[in-house]
1. Output the number of residues of the stretch 36-67 satisfying the condition of being exposed (fewer than 10 other Cβ atoms within 10 Å of the Cβ) and not aliphatic (A, V, I, L, M).
2. Among the residues that make up the stretch 65-72, is at least one of them among the hydrophobic types (A, V, I, L, M, F, W, C) and modelled with pLDDT of 95 or more?
3. Tell me which residues, restricted to the stretch 41-57, are modelled with pLDDT of 95 or more and either under 24 Å from Leu17 (Cα atoms) or among the basic types (Lys, Arg) (or both).
4. Residues in the stretch 25-47: is at least one in contact with a Phe, Trp or Tyr (Cβ under 8 Å, 6 or more places away or on another chain) and not hydrophobic (A, V, I, L, M, F, W, C)?
5. With the stretch 3-99 as the region, which strands (runs of 3 or more DSSP E) entirely inside it contain at least 3 residues that are in contact with a strand residue (DSSP E or B) (Cβ under 8 Å, 6 or more places away or on another chain) and among the basic types (Lys, Arg)?
6. Is there any pair linking a residue in the stretch 7-24 that is surrounded by 10 or more Cβ atoms within 10 Å (Cβ to Cβ) to one that is among the small types (Gly, Ala, Ser), with Cβ under 8 Å and at least six apart or on different chains, and which?
Amino acid sequence: MGVSAVTMRIEVTDHALLRYIERAHGISLDPLRKEIERIVREPALAGASTVTVNGFTYCLVQHGSNRVTVTTVITNEMRQKQVVKNRRNRFRGSNRNDG
């Protein structure tokens, strides 16, 4: 049994979106990657496991003595803002006049 077009929900991952931006629009993410590297370099060298700068928290996972993986953290405040935004968008979408 197939899913109707009305009920099917398509979710595009952040990874897919980033690759699309890079490949389809030719926008390099390297400058942003280098900016994050610059932000976390000193704390990483000092052995930090997290760094918070301008409201963004980065998690630093040490892999031996010469490699660190950087991820971001969604704070409760950021999560709440996203919930409100999603609710607002959902409400607007249900009241659109497409016809």
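The values are calculated or read from the model by the stated rules, or taken from the named source; none is laboratory data. What you are looking at is a predicted structure, and each value in this text was computed from that prediction instead of being measured. Cβ: placed from backbone, ideal geometry, glycine included. Neighbour counts: every protein chain shown.
1. To start, the set of residues in the stretch 36-67 that are exposed (fewer than 10 other Cβ atoms within 10 Å of the Cβ) comprises 38, 45-47, 54-55, 63-67.
Right, trim to not aliphatic (A, V, I, L, M) and you get 38, 47, 54-55, 63-67.
Total meeting the criteria: 9.
2. Here is the first cut: in the stretch 65-72, the residues among the hydrophobic types (A, V, I, L, M, F, W, C) are 68, 70.
Checking the rest, the ones that are also modelled with pLDDT of 95 or more come to 68, 70.
Yes, the stretch 65-72 contains a residue that is among the hydrophobic types (A, V, I, L, M, F, W, C) and modelled with pLDDT of 95 or more.
3. Arg41 - this is the single residue of the stretch 41-57 that is modelled with pLDDT of 95 or more and either under 24 Å from Leu17 (Cα atoms) or among the basic types (Lys, Arg) (or both).
4. Scanning the stretch 25-47 turns up no residue that is in contact with a Phe, Trp or Tyr (Cβ under 8 Å, 6 or more places away or on another chain) and not hydrophobic (A, V, I, L, M, F, W, C).
5. none
6. Glu22/Ser28
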